[in-house]
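K.L.:
Okay, here's the structure, questions in a sec.
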Amino acid sequence: MYNSEHVARRGALIVLEGLDRCGKTTQCGRLVSFLEGRGLPVEAWRFPDRNTAIGKMISSYLMNNTQLDDQTIHLLFSANRWEKRLLMENKLRNGTTLVVDRYSYSGVSFSASKGLDVNWCKAPEKGLIAPDLVIYMDISPEEAAKRGSYGIERYEQLDFQKKVAHSYQILLDTTWKVIDASLSLELIENQIQELALETIESCPKMPLSSLWIGD
Ligand code: DGP
């Protein structure tokens, strides 16, 4: 007879999303330090993962060193998540919480902003592990752009970021937690900590599930 008490606690899949310069990367780092400080098993992840062979192709594209058509780069970003899916599942099942800087929502939002169909963009993401918590760090594209000049990477342009902001709104659902990314670092950090702790506490009762199956 299946007894849930005998199942080891699993880790939580926590994803931070938002426009370039919204502060995600800083907040991911702070959250990981906070959880480590509490003695919780946690790892910082990010997509794209530029260390793999696919990730290097993506990085070269982002740096404008190679040209690829929109569909091809979309599928490479997706493949970069798929090549990490099994490792991700193993870590979560072994009790490690993963704090992930960008996930499939970036995949769909950035590609849809180039004019690709949203459902076409979602298709290759279907079956990846569904996050337990998606935090959207909400900032206007204009304010994000003021935070320091954009670098040389392909998508770091105000007009394009405006389109990405619009695409995120299409994906946003009631399960997402939206945080005002114009608040102070500390206020944002506190809100994220609270959401993460609640999720880590409650998610072991829920099985891992798949993203966008049935959509
Ligand atoms: P980052 O390493 O988080 O700065 O991301 C690099 C850039 O790539 C950033 O402009 C966001 C974009 N990006 C991240 N994930 C995806 C994705 O899956 N698809 C597309 N098209 N762009 C993405």
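The values are calculated or read from the model by the stated rules, or taken from the named source; none is laboratory data. Just so we're clear, the structure is a prediction, and the values are computed from it rather than from any experiment. In this analysis, Cβ positions are derived from the backbone assuming ideal geometry, glycine residues included, and neighbour counts consider all displayed protein chains. Please note that ligands, DNA and RNA were not included when accessible areas were found on the heavy atoms of the full protein model with its side chains. Shrake-Rupley method; radii C 1.70, N 1.55, O 1.52, S 1.80 Å.
K.L.:
Say we look at region 101-137 and pick out the residues that are touching a residue at least 60 places away in the same chain (Cβ under 8 Å) and among the aliphatic types (A, V, I, L, M); which of these is nearest to the ligand (Cβ to nearest atom)?
P.N.:
The extreme case among them is 108.
K.L.:
Pull up region 143-161, narrow it to residues that are within 13 Å of the ligand (Cβ to nearest atom), of a type in the set (D, E, K, R) and surrounded by fewer than 16 Cβ atoms within 10 Å (Cβ to Cβ), then point me to the one that is farthest from residue 121 (Cα to Cα).
P.N.:
If we take residues in region 143-161 being within 13 Å of the ligand (Cβ to nearest atom), of a type in the set (D, E, K, R) and surrounded by fewer than 16 Cβ atoms within 10 Å (Cβ to Cβ), then 153 is farthest from residue 121 (Cα to Cα).
K.L.:
Could you list, in sequence order, all residues of region 1-20 that are modelled with pLDDT of 95 or more and open to solvent by 20 Å² or more (accessible area, probe 1.4 Å)?
P.N.:
Matches in region 1-20: 10, 20.
K.L.:
Here's a check for you: in region 56-71, which residue that is in contact with a Phe, Trp or Tyr (Cβ under 9 Å, 6 or more places away or on another chain) and without any contact (Cβ under 8 Å) to a residue 60 or more places away in the chain is least open to solvent (accessible area, probe 1.4 Å)?
P.N.:
Filtering region 56-71 for residues that are in contact with a Phe, Trp or Tyr (Cβ under 9 Å, 6 or more places away or on another chain) and without any contact (Cβ under 8 Å) to a residue 60 or more places away in the chain, the one least open to solvent (accessible area, probe 1.4 Å) comes out as 58.
K.L.:
While we're on this one: Name the residues in region 162-177 that are among the hydroxyl-bearing types (Ser, Thr, Tyr) and either within 15 Å of the ligand (Cβ to nearest atom) or more than 26 Å from residue 12 (Cα to Cα) (or both), would you?
P.N.:
Across region 162-177, the qualifying residues are 167, 168.
K.L.:
Would you point out the residue of region 162-215, among those that are open to solvent by 70 Å² or more (accessible area, probe 1.4 Å) and β-branched (Val, Ile, Thr), that is nearest to residue 17 (Cα to Cα)?
P.N.:
178
K.L.:
Same structure again: Considering only helices (runs of 4 or more DSSP H) fully contained in region 108-215, which possess at least 1 residues that are of a type in the set (A, V, I, L, M) and within 16 Å of the chain's Cα centre (by Cα)?
P.N.:
Correct list: 158-171, 185-202.
K.L.:
If you don't mind, there's one more thing I want to ask. Of all residues in region 85-122, count the ones that are out of contact with any Phe, Trp or Tyr (no Cβ under 8 Å at 6 or more places or on another chain) and of a type in the set (Lys, Arg).
P.N.:
4
K.L.:
Could you tell me which numbered condition residue 36 fails, if it satisfies all but one of (1) surrounded by fewer than 16 Cβ atoms within 10 Å (Cβ to Cβ); (2) under 21 Å from residue 187 (Cα atoms); (3) out of contact with any strand residue (DSSP E or B) (no Cβ under 7 Å at 6 or more places or on another chain)?
P.N.:
(3)
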